[in-house]
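One structure is given here, and the rest of the page talks about it.
The values are calculated or read from the model by the stated rules, or taken from the named source; none is laboratory data. None of these values were measured; they are calculated from a predicted model. Here the Cβ is made from the backbone with ideal geometry for all residues, glycine too, and neighbour counts use every protein chain on show. We work out accessible area using only protein heavy atoms, side chains counted, and drop any ligands, DNA or RNA first. Shrake-Rupley method; radii C 1.70, N 1.55, O 1.52, S 1.80 Å.
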Amino acid sequence: MKQVVQNYKSGELALLDVPAPGCKPGGVLVRTSYSLISTGTELMKVSEAGMSMLGKARSRPDQVAKVMQSVATNGVPATYRKVMGKLDSYTPLGYSLCGVVEQVGPGIDDVKVGDLVACAGNEHALHAELNWVPKNLYARVPDGLAPRHAAFGTVGSIALQGVRQGEPQLGEVALVVGLGLIGQLVVQLLAASGVRVVGVDPDPVRCELAERLGAAACGDPESAAVEAAVAELTGGHGVDQVYLAAGGGSNQPVELAARLSRDRGRVVDIGKCRLDLPWNAYYEKELDVRFSRSYGPGRYDPEYELEGRDYPIGYVRWTERRNLACFLDLTARGSVDVEPLVSHIADFDDAVETYQRLKDGDLKAVAVLFRYPDRAGEAEAPAQAPSVAVPAVTVQRSPARAARTPVRLAFVGAGNYATSMLLPHLAQRDGVELSTVVTTTALSGANAQRKFGFAEATTDLDAVLGDKSVDAVFVVTRHSSHAELTRKALLAGKTVFVEKPLALTEDELTGVLAAVEESGNDRLQVGFNRRFAPLLQEARQRFGARTGPASLRYLVNAGRLQHGSWYLQQGTEGSRFAGEGGHFIDTASWLLDADPVSVYAVATSGNDDLQVVLRYPDGSTATISYVTTGAPGFPKETLDLVSDGKVLRLDDFVRASVYGRKRWVSSRLPKARDKGQNAELAAFVKAVRTGGPMPVPLQSLVATTAATLAVQAGLAGGAPVTLAGAR
């Protein structure tokens, strides 16, 4: 079998062919599916190996002390031979993996051959094709958790043990210093525990990632913004806990911890940073300094790790193995999301090159995974699903009746988009009456009522759905509530306008269509407004019909989100693309006059910048580049459509052109960007008033939503996703 090794004397990294381990009693033989590179611990070891002998000595004074003791006991020649012999040997790398049980040793009855397990230990969970793992260093992977995510189990256990040492309580505020792999996991675990988190790291990309994963605020350690955020969140008292997840030789982390901690706060050292505690600062606040020892109780105890002797749960609640199982469970249930941490996946055969790129800085990464051949169990994970269903819309329609005049509309939600992009177009429209606005807070409803002339403001949704005088309901709330509110409104017999997205999961989409089937009410519109933009409508008409397949490129310069945006709450509100990607997929499908049949998606580190390729039945393709790292001054949306010797160009809904036998260019006079909201609302109100067809067929809305969901499935699986049932 193959295994990654390093010579600590020369620094050489190699992928060696070594004998496969046997399956001893008290453990299992595991064939690795994915193993995780710890970009902190392992790279530190790799870097140390490349140092001179003097550099090695300076970096490991603990080992120097052992050498000096050996010199005193055994003499210089014997000690020299011993040290050189140890240095000039291959040592293994790795300590966190997921794989499939290939053989079960005597005394093991909790797993069987074929089970997927996560494994821990720098002697047993190595970067190798096969590993023998003792009982207390593996845990069964919960159903539905992807192997690549389960490979984070050991590193997650380190973060989890650190959080346990801090003893967080609901409502507290914590500071996490260092937002590398461990720090990002600590942020998520604290957020899941009801703790508000401030993160510190000199890398702005890592700060932004931590905010997306649950941190309330993040910044550079030198930034005054960090102190301001701590003061605001704690009322000036200071944080309750500080988690040191940084490395290096700077004493800045412990000094920052003292400055930002409250009186009698707790400081937990998880990483390996310099700890010259400023005595006065720590004494005056009587700070409680704690260390977190790796994965938890049992670590470094051979009776626990090698002989399988467990600690009684009544005395030691959280051991190494229980921490491992707990982290896997949290990840499976979505309380922790490790996918945004995956910066790179390399084939195991490229292990040496990958380490070298990390060491040289060519590969910037939070987490890197090795992917092994014959990854058994991968197909069992939903993240690897080869298809996303596009449910067929089947409904026994109730006859659509024309509404009274004026058409009476109710709004559920009155946030920024509703009040800036929808209500201004409806408030002064002839034949429309704004009946009721429903909000979760009384004041926001009162403000909307005063500004736009609603007849009534309420917090009672059921009363509005039961009001027979209301003709249509607008759902303009946060993304996580769209599907359920739409379902309720359809069952109540209302015509529904729901802002994108219609659904965040396949189950939510199925639930909406079940409501359509149950009620016979398919009067639904999703806020895909760009197909209604007058400039794009004219450009499409000028382009004319096409006979051959087309290539479409859509660049979306989305930009960075402002701190505090609820779009960053991916755990509950979905990713940014899940929230607004349907706009661009719908526009592409409308221009190509078809629904996509497959989706392929790839992402940069952290899934901030996406490339989404859609394939259509006639061979046409659409590529959507959704980027957040572009220049703010560049137009947000640019689009090119090429087919039959013609090119359609759209520049941010300000200018458009068509090149063919004749050239057409829109007016050069500056005009406001019209992305189609007014025309979309006019078409919707007309359909409600007349009882005529909805502006966009329901099957098209479903296909666009399914394609948007397929993007996330494609990112997780790394392969094209078929849209099963697409027409």
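Below, the figures for the structure above:
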{"quantity": "Ranking by accessible area, most exposed first, for T441, T704 with a 1.4 Å probe", "calculated": "T441, T704"}
{"quantity": "Simple label model, 7 Å out from Cα along Cβ direction - S420 to D618, nm", "calculated": "3.8 nm"}
{"quantity": "Where labels lie 7 Å past Cα in the beta-carbon direction, separation of V654 and E484 in nm", "calculated": "4.2 nm"}
{"quantity": "Surface accessible to a 1.4 Å probe, Y283 within the full protein complex, Å²", "calculated": "150 Å²"}
{"quantity": "Within the chain, helix-based [θ] at 222 nm, where runs of 4 or more DSSP H residues each add -39,500 (n - 2.57), nearest 500", "calculated": "-10000 deg cm²/dmol"}
{"quantity": "Nearest 10 degrees, 0 to 90: helix 76-87 Cα axis against the chain principal axis", "calculated": "20 degrees"}
{"quantity": "Computed lengthening from K272 to Q611, 0.36 nm per intervening residue step minus Cα-Cα distance", "calculated": "118.3 nm"}
{"quantity": "Cross-link pairs beyond the 28 Å C-alpha cut-off, checked among K9/K359; K2/K272; K135/K359", "calculated": "K2/K272; K135/K359"}
{"quantity": "In degrees, nearest ten, helix 482-491 long axis to first principal axis of the chain (Cα)", "calculated": "40 degrees"}
{"quantity": "Sequence of M421, M694 from largest to smallest accessible area, 1.4 Å probe", "calculated": "M421, M694"}
{"quantity": "Probe 1.4 Å - accessible area at W132, Å² to nearest ten", "calculated": "30 Å²"}
{"quantity": "Lone cysteines, the chain (no partner Cβ under 4.7 Å)", "calculated": "C23, C98, C119, C273, C326"}
{"quantity": "Set of region 530-546 residues, backbone N closer than 18 Å to the point 7 Å along the Cα-Cβ line of D593", "calculated": "531-532, 536-546"}
{"quantity": "Whole-Å semi-axes of the ellipsoid equivalent to the chain (Cα gyration tensor, √5λ, descending)", "calculated": "53, 29, 25"}
{"quantity": "Per principal axis, descending, Cα span of region 474-602 in whole Å", "calculated": "42, 42, 28"}
{"quantity": "Helix axis angle, 351-360 relative to the chain longest principal axis, alpha carbon, degrees", "calculated": "90 degrees"}
{"quantity": "Entries in K451/K500; K468/K675; K494/K686; K488/K675; K500/K686; K24/K112 that, when Cα-Cα distance is taken, lie over 22 Å", "calculated": "K451/K500; K468/K675; K488/K675"}
{"quantity": "Contour excess over end-to-end distance, with Cα ends at D467 and E123 and 0.36 nm allotted per residue", "calculated": "117.1 nm"}
{"quantity": "DSSP beta bridges in the chain [antiparallel fraction, %, rounded to 5]", "calculated": "55 percent"}
{"quantity": "Sites V289 and A672, calculated FRET efficiency, Cβ-Cβ separation with R0 60 Å, nearest 0.05", "calculated": "0.55"}
{"quantity": "Förster-model FRET efficiency, 45 Å R0, I313 and D460, C-beta, rounded to 0.05", "calculated": "0.40"}
{"quantity": "Per-residue SASA entry for E129, accessible area with 1.4 Å probe, Å² rounded to 10", "calculated": "40 Å²"}
